[in-house]
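**Student:** So that we are looking at the same thing, I have put the structure below in structure tokens.
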Amino acid sequence: MTFKNPETPPLIEMALFVIEHRFRKDATLEPWRDALLRLQSGDVESAAEVAAKAYNNGASLEDRRGVIDLISQVAIENSTHGHWYESLLLLAAEGGLSHCAYNVGNLISERATTPTDHALAQRYYKQAAINATDPATKASALVNSCVPIRDGLVTGKPDWERAVEIYEQAAELNLAVGMFNAGNVSCWLKEKGQFAYAARAEKWFTRLIDRVDAGGEFVDIGGAAEVRAAYQKAKKQLAELHAKDQVAVVDVDLILSAAQDETDQDRAAWLKTRGHEHRLRKTAVQAKPAAWENWLSVLSLMGWELAANPESLNLGPGTGDSRLLMFERNQGAPLVLAVVDLDEIESNGGVYRLVELVNDMKETHAGPCLAIGAKGLFVQITKSEGYSSYTVCVSSNDEGVISLIPIWPGATTDEVARIIDGQSPVYGPNNTDEGNTIAILVNALGSGASVDGKSFPEAIYVNVGGYFNSPVFTVEEAISLGCQFPPDEIAFALAGVKKHFRDLEQRKLKYLGLQ
């Protein structure tokens, strides 16, 4: 809570100079001169006592305001809030001085313990908001008057809708704190099911960020530090709205920028994953003839860069256009990924052929080695809160035994390499692919369906042996991968998935206030 500090206070010496040349003709000014002399000596409480006792002695409002402003400024700078100073503020507030009413509201609010206390503080804030002529006092008073309404401190019933309206009034006066709070409380309402407030939150967070970035002025009494704090919080909140797909147009760069700035490692990882998941789902990708080309398209969207031209793999007849892809790392030898142009799954023994291929690759490559077939594979790991999905490639441990290595939206080659080398947990909380985005995208491209970046492919998941699952888009694909369910049941499941995503789209329209 920031006390109102006069923007352009006259120096005490100058005020004394003016009053000393006038008080001989105007006796009402003598006690106000005395108050300034005491203030000049550093005795704020004594100066306030003299001014309070002389408040109704007939001196002009302009003269009283000038002295009270100076006393207030020194008191605030020295954190001196004694009995007489508070009495003076109360007199001035009741007399119509709006910034004094604001400061009285702050003093009462800081000590408030009952609904009556909060109601009294709110009364002075409202008085300041109504009577103030400067935007800073008016906007700050609006924000502070809103707290009892927002938190139900007077009525016992929080009123978030009304709070947003009041914060918006302060925001329109270019108060950064007002803009942030209008957005923040809108997010609370959105989380409670009032979906249209998502668009309202986006509006105010965006306005605050854009105004700061453009060098615009604000009226926050706390100055640049207060504006900066509101700006940083708004960026975090706005990035979360985009990450949750609760805006009309997702800004991937905003999400990834917020991930870089985030100090909480888990939240940073979540933002990064969500940002890259949106990139994978909202980027148009052309289907290619060979599996390695489709895998390369997907991994390139995540920032993976080739360290050399793809090498042909001679795996014998019927293995198609299989290639060895080597990817740059910031540290260490390139990460090597062999892509076999076949549906190498567990049920046809393909996963074990991939392990043998990795063991052979280790003989000739210094970097960490992986292998995968034409189909994206994922496993589901049971956890205390349910289960998590991990898109996986095949590797092997030091004994040459199968090892499954997760790759996830936004994973870097160095992060994957650390898992292969045993330096990071395999099934950690931050390397999941909960939407199976990578596997779905690879399989969609492999089926010959280009992705337009507007609607993401809708898939069901079939077990392809052991713990392995893979996305499919048609009844025929499910049967080709060994699904044992009757065709009509597979078709029913596919229809259910389509309905599920239609329902999600309707929910998003509600968030945007379009329905």
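**Student:** Under the Karplus relation 6.51 cos²θ - 1.76 cosθ + 1.60, θ = phi - 60°, what is the ordered set of whole-Hz ³J(HN,Hα) values for segment 59-68, x standing for Gly and Pro?
**Tutor:** 5, 5, 4, 4, 5, 5, 4, x, 5, 5
**Student:** Next question. Which is the longest part of the chain that has none of the GluC sites (Glu not before Pro) sitting in a DSSP loop with at most 12 other Cβ atoms within 10 Å?
**Tutor:** 8-216
**Student:** Among the lysines, which have Cα under 23 Å from the Cα of LYS383 when same-chain residues fewer than 8 positions away are ignored?
**Tutor:** Output for LYS383: LYS244, LYS272.
**Student:** Here is a further query. Could you give me the percent of Cα pairs per 10 Å distance bin for segment 105-223, shortest bin first, beginning at zero and ending with the bin that holds the maximum distance?
**Tutor:** Going from the shortest bin to the longest, the percentages are 15, 42, 33, 10, 0.
**Student:** For segment 229-247 and segment 274-328, what is the separation of their Cα centres, given in Å?
**Tutor:** 32 Å
**Student:** What nm distance separates the two modelled labels at ALA27 and VAL249, each placed 7 Å from Cα along Cα→Cβ?
**Tutor:** Simple spin-label model gives 7.4 nm for this pair.
**Student:** Would you mind estimating how fast segment 444-511 diffuses translationally, via Stokes-Einstein at 20 °C and 1.002 mPa s with the Kirkwood radius over Cα pairs, in µm²/s?
**Tutor:** 162 µm²/s
**Student:** Which lysines, if any, have their Cα less than 30 Å from the Cα of LYS138, not counting same-chain residues under 8 positions apart?
**Tutor:** LYS4, LYS53, LYS126, LYS157, LYS190, LYS203, LYS233, LYS235, LYS236
**Student:** Rounded, prolate or oblate: pick one for segment 291-437, where a ≥ b ≥ c are the square roots of the eigenvalues of its C-alpha gyration tensor, a/c under 1.5 means rounded, and failing that, prolate if a/b is larger than b/c, else oblate.
**Tutor:** Taking the square roots of the gyration eigenvalues as a ≥ b ≥ c, segment 291-437 is rounded.
**Student:** Another question, then. Can you tell me what percent of all Cα-Cα pairs in the chain are more than 45 Å apart?
**Tutor:** 39 percent
**Student:** Could you work out how much longer the chain between LYS454 and LEU514 gets when fully extended? Use 0.36 nm per residue separation minus the Cα distance between them, nm to one decimal.
**Tutor:** The span from LYS454 to LEU514 would gain 19.8 nm if fully extended.
**Student:** Another one. Would segment 159-282 count as rounded, prolate or oblate if I go by the C-alpha gyration tensor, calling it rounded below 1.5 in a/c and otherwise prolate when a/b exceeds b/c, oblate otherwise?
**Tutor:** The shape class here is oblate.
**Student:** So which aspartates and glutamates pass the test for LYS192, namely a Cα distance under 18 Å, with those fewer than 8 places away in the same chain ruled out?
**Tutor:** The qualifying aspartates and glutamates are ASP151, ASP159, GLU161, GLU165, GLU202, GLU240, ASP245.
None of the figures in this text is laboratory data; all of them are computed from the coordinates on show. Quick caveat, the model's predicted, so the values are computed rather than measured. A quick note on method: Cβ atoms are made from the backbone with ideal geometry, for glycine too, and the neighbour counts reach across all protein chains shown.
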